[in-house]
Amino acid sequence: MHLNPYGEYAVTLAADLANHPPASTGELVGRCVDAGIVVDFPVTDDDLADVLAMLDRWSAIADATSDETRAEQVNLLLTKASAYPRLTNHAGDGWHLHYRDDQQSLAGVLEALFSVGTALHLVGRGMHRLGRCALEECTAIYADTSRNGRQRYCSPRCANRDAVRRHRAR
């Protein structure tokens, strides 16, 4: 049984797609399937452009400078994308909640998944746990899933580069 299929993996997939946008619809579908999304509906080439536009809107959540602004951005996505929750066992892998209408496009499914997943991530872990890498020349988005909630870099590589830079500056 899935207790919350919308938490960590949804927000980390959103960050991954925002940081490394797919170049084709096939790549988008492949990355979604690799992340565990069941794609049991038709996918069209329009989905790629729609997903890329949605990821720009989702990125505004990471760029928000206050909790209130971040909440407003999440609420905008939730209003547009999600529907009332419903129980489903559509893939035969256990009952879980869907926060979207049936028969949506891949872009619609991802928007609902990312909006609900991001909302659950932020209220469950902390409103500060989504942002841009602190390394000056890196613009990658990270979803802080660390235990202590103090992530500031998108990767250990960026954290190490910044630490070396600070050390040499001293």
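Using Cα-Cα distances under 8 Å and only pairs 6 or more residues apart, what relative contact order does the chain have, in percent?
Numbers: 215 pairs, mean separation 43.7, N = 170.
Computed over the chain, the figure is 26 percent.
Rounded to whole Hz and in sequence order, give me ³J(HN,Hα) for the stretch 72-89 from the Karplus expression 6.51 cos²θ - 1.76 cosθ + 1.60, θ = phi - 60°, writing x for Gly and Pro.
Result, ordered by residue: 4, 5, 5, 4, 4, 5, 4, 4, 6, 9, 9, 10, 5, x, 9, 6, 8, 9 Hz.
Out of the chymotrypsin sites (Phe, Trp or Tyr not before Pro) in the stretch 95-170, which ones are loop residues according to DSSP with at most 16 other C-beta atoms within 10 Å?
Details: sites: TRP95, TYR99, PHE114, TYR142, TYR153; in loops: TRP95, TYR99, TYR153.
Here the sparse-neighbourhood loop sites are TRP95.
With a cut-off of 8 Å between alpha carbons and a minimum separation of six or more residues, what is the relative contact order of the stretch 67-137 in percent?
Computed value for the stretch 67-137: 31 percent relative contact order.
Between rounded, prolate and oblate, where does the stretch 38-99 land on the alpha carbon gyration tensor, with a ≥ b ≥ c its root eigenvalues, rounded for a/c under 1.5, else prolate if a/b exceeds b/c?
Details: a/c = 2.93, a/b = 1.47, b/c = 2.00.
Cα axes put the stretch 38-99 in the oblate bin.
Using helices alone, what [θ] at 222 nm do you get for the chain, with -39,500 (n - 2.57) per DSSP H run of 4 or more residues, divided over all residues and rounded to the nearest 500?
Values: 6 runs with 89 residues, N = 170.
After summing the helix terms and dividing by the residues of the chain, the value is -17000 deg cm²/dmol.
Rolling a 1.4 angstrom probe over the protein chains, ignoring ligands and nucleic acids, what is the accessible area of HIS121 in square angstrom, nearest 10?
Counting only protein heavy atoms, the figure is 10 Å².
Which is the longest part of the chain that has none of the GluC sites (Glu not before Pro) sitting in a DSSP loop with at most 12 other Cβ atoms within 10 Å?
1-135
Given (i) 98; (ii) 123; (iii) 106, which label gives volume of the Cα convex hull per residue in Å³ as computed from the coordinates?
Of the listed options (i) 98; (ii) 123; (iii) 106, (ii) comes from this structure.
Using the alpha-carbon atoms, what tilt in degrees (0 to 90, nearest 10) does helix 8-19 show relative to the longest principal axis of the chain?
70 degrees
So how tilted is helix 156-169 from the main axis of the chain? Cα-based, degrees 0 to 90, rounded to 10.
Tilt of helix 156-169: around 20 degrees.
Need the full-extension length gain, LYS80 to ASP34, defined as separation in residues times 0.36 nm minus the C-alpha distance. One decimal, nm. Walk me through the numbers before you get to the answer.
Values: separation 46, 0.36 × 46 = 16.56 nm, distance 2.59 nm.
Stretched out fully, the LYS80 to ASP34 stretch lengthens by 14.0 nm.
From Cα pairs below 8 angstrom and at least 6 apart in sequence, can you work out the relative contact order of the stretch 1-89, rounded to a whole percent? Each step should come with its number before you reach the end.
Working: 37 pairs, mean separation 19.7, N = 89.
Relative contact order for the stretch 1-89 comes out at 22 percent.
Need one value: the accessible area of ARG152 in square angstrom, 1.4 angstrom probe, rounded to the nearest 10.
130 Å²
On a 0 to 90 degree scale, rounded to 10, what angle separates helix 106-125 from the longest Cα axis of the chain?
Between helix and principal axis, roughly 50 degrees.
Please list, in order along the stretch 64-69, the HN-Hα scalar couplings obtained from phi with the Karplus expression 6.51 cos²θ - 1.76 cosθ + 1.60 (θ = phi - 60°), rounded to whole Hz, x for Gly and Pro.
Calculated HN-Hα couplings, in order: 4, 9, 9, 4, 5, 5 Hz.
Would you please give the residues with an amide H less than 5 Å from that of LEU130, counting only those at least 5 places away or on a separate chain, with H modeled from the backbone geometry?
Those qualifying (amide H under 5 Å, at least 5 residues apart or on another chain) are ASP144.
The values are calculated or read from the model by the stated rules, or taken from the named source; none is laboratory data. As the structure is a prediction and not an experimental result, all values here were calculated from the model. So basically every Cβ, Gly included, is an ideal-geometry build from the backbone, and we count neighbours across all protein chains shown. In case anyone asks, the SASA skips ligands and DNA or RNA and just uses the protein heavy atoms, side chains included. Shrake-Rupley method; radii C 1.70, N 1.55, O 1.52, S 1.80 Å.
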